[in-house]
1. What number, rounded to the nearest 500 deg cm²/dmol, is the helix-based mean residue ellipticity at 222 nm of the chain, given -39500 (n - 2.57) per DSSP H run of at least four residues and division by all its residues?
2. Debye sum, Cα scatterers, segment 53-103, no solvent: what log₁₀ I/I(0) at q = 0.22, 0.24, 0.26 1/Å?
3. First select every other residue whose beta carbon is under 12 angstrom from the beta carbon of ASN92; then total the charges, Lys and Arg +1, Asp and Glu -1.
4. Return the FRET efficiency for the residue pair ASP106, ARG195: r is the Cβ-Cβ distance, R0 is 22 Å, and the value is rounded to the nearest 0.05.
5. Using only the alpha-carbon atoms, how far is helix 93-104 inclined from the longest principal axis of the chain? Give it as 0 to 90 degrees, nearest 10.
6. What angle do you read, to the nearest 10 degrees and between 0 and 90, between the alpha-carbon axis of helix 17-26 and the longest principal axis of the chain?
7. Of the candidates ALA33, ALA115, ALA24, which one comes out as most mobile in a Gaussian network treatment of the chain with C-alpha springs shorter than 10 Å?
8. Can you work out ³J(HN,Hα) from phi for every residue in segment 181-198, in order, using Karplus 6.51 cos²θ - 1.76 cosθ + 1.60 and θ = phi - 60°, giving whole Hz and x for Gly and Pro?
Amino acid sequence: MRVLFDYGCVISHPQPEDERRKLAAALGAEGEAAEAAFWEEYWRHRAEYDAGVITSEGYWAQVAGHVGVPAPTGVEIERLVALDVGSWLHPNEETLRVVRELVAADVAVALLSNAPHVLADVLDQIEWLSPFDPRLFSARLGVNKPDPEAYRAAAASLGVPPDHVVFVDDRPENVAGAEATGMRGLRFTEPAQLREALAGLLP
């Protein structure tokens, strides 16, 4: 049995509020209404970005256009990318403790995350993700969860049929997508719940 993890809000904490404000402000979205519009557009276009369909330049231009601020260029885009990527680099140490317990019990762990190329490239270098093998990212696969092809690609990379995989994600739609391909789905809420649920799912 393999355990396949989502990254954001499972292995990492959600984006901290102060970093969310800095990110919105870097695009010129300051104030409650502007920030709300920023985050609506941030997520509206994220699927294309995560799937590698658009570049960082294209993504931030789309967000800016809908928020009503000038499209960023050059150094401005570099700052947005750095702030965005950095906001996703806060590990959940309690979840990682569960991961280490799995590894110590000879349970193989892997990663399947919706992430654009710029985030995937950084995550590949993160030491505390070293137990996860393989680390699969949507931009490189060309498809996002919950598309069935993302899970099939993950199972193929793991070298096992889907019913030999437990998939962990915080989003119900992604868990349902995994279950539709034959994986065992587990919705993450907190590390203690994860530890207890895995004890019942693994042999």
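Please treat every number below as a calculation from the coordinates, not as lab data. Being a predicted model, the structure only gives us computed values, none of them experimental. Cβ placement follows ideal geometry from the backbone for every residue including glycine, while neighbour counts extend to all protein chains displayed.
1. That calculation yields -15000 deg cm²/dmol at 222 nm.
2. The Cα Debye sum returns log10 ratios of -0.78, -0.87, -0.97.
3. Neighbourhood net charge equals -4.
4. The calculated FRET efficiency here is 0.85.
5. That helix lies at roughly 30 degrees to the long axis.
6. The angle comes out at about 40 degrees.
7. ALA33
8. Taking θ as phi minus 60°, the curve returns 9, x, 6, 8, x, 9, 7, 7, 10, 7, x, 5, 5, 4, 4, 5, 5, 5 Hz for segment 181-198.
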